[in-house]
1. Can you tell me which of 160-173, 198-211 comes out highest on packing, and rank the rest after it, using the mean Cβ neighbours within 10 Å?
2. Ranked highest first by the average count of other Cβ atoms within 10 Å around their residues, in what order do 141-154, 115-128 fall?
3. E173 versus A211, label points 7 Å from Cα toward the beta carbon: distance in nm?
4. Loop-only check: which GluC sites (Glu not before Pro) in the range 25-96 are DSSP coil with at most 13 other Cβ within 10 angstrom?
5. According to the square roots a ≥ b ≥ c of the eigenvalues of the Cα gyration tensor, what is the shape class of the chain, taking rounded for a/c under 1.5, prolate for a/b larger than b/c otherwise, and oblate for the remainder?
6. Relative contact order of the chain: what whole-number percent is it, with Cα pairs under 8 angstrom and at least 6 residues apart?
7. Could you please state, rounded to a whole Å, how far the C-alpha centre of the range 90-163 is from the C-alpha centre of the range 57-79?
8. With n ≥ 4 as the cut-off for DSSP H runs, can you work out [θ] at 222 nm for the chain, using -39500 (n - 2.57) per run divided by the number of residues, rounded to the nearest 500?
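Where a number appears in this text, it was derived from the coordinates with a stated rule and is not lab data. If you're wondering where the values come from, they're calculated on a predicted model, not measured in any experiment. Note: ideal-geometry Cβ built from the backbone for every residue, glycine included; neighbour counts use all protein chains shown.
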Amino acid sequence: MIELYYWTTPNGHKITMFLEEAGLPYEIFPVNIGKGEQFKPDFLKVAPNNRIPAIVDTAPADGGPPISVFESGAILEYLADKSGQFLPKEARGRAEVVQWTYWQMGGLGPMAGQNHHFSLYAPEKIPYAIDRYVKETNRLYGVMNKRLADRDFLAGAYSIADMACYPWIVPYERQGQDLAQFPHLKRWFEAIRARPATIRAYDRAKEVNPAPAAAMDEAQRKVLFGQTAAVVR
């Protein structure tokens, strides 16, 4: 059994997508980040960076005590190794998948995240910051589009790299992007959106958080933004 500490964010969706694809049994433990539940001591034991998602594998392959993993990319890699799915074992195929997974972790996710922050959540609109991150998001979409020109998925076969990237493309309109400008990316996006496991994963999100688009109030802003080391002491 996989215990999934989860909220309905792009990084959270990555893990439900994988678990639904792989058919691994799992239970969701919601962590409402708008209410500050990510700072509870029990959660910090699993996720010391006070971020979702995180997992506890109660039946690891070595038969030992439960293993906890935080950071969405590390979780995807761990679950792929555990299940033997969506990450090749041979070196060349594995390198292809891992590099595009890390590309999302180090590029697409952080840049799109800053795009969201300055475009939607910042208390004041800073034109330079908005322009900077909308353009960088656009560049990264272009990288994906070029990569997908001659293959169905980022590393050939469907893999954790695609699961890592897809949830960050879902809010493309909020990121100021037009998928029609990226035909190969659009084809890839629509193919993944139609997968039964993707549909099930996003249905689980609706169960956990029926109103994800609700306006953020000042209390939530204080919880989510401007954190210092004090929150983990």
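1. Details: 160-173: 23.2, 198-211: 15.1.
The most tightly packed comes first, giving 160-173, 198-211.
2. The peptides rank, most packed first, as 141-154, 115-128.
3. 2.1
4. Details: sites: E27, E37, E71, E77, E90, E96; in loops: E71, E90.
The qualifying sites are E90.
5. oblate
6. Values: 286 pairs, mean separation 57.4, N = 233.
Result for the chain is 25 percent.
7. Taking the Cα centre of each part, the range 90-163 and the range 57-79 sit 25 Å apart.
8. Result for the chain: -15000 deg cm²/dmol, rounded to the nearest 500.
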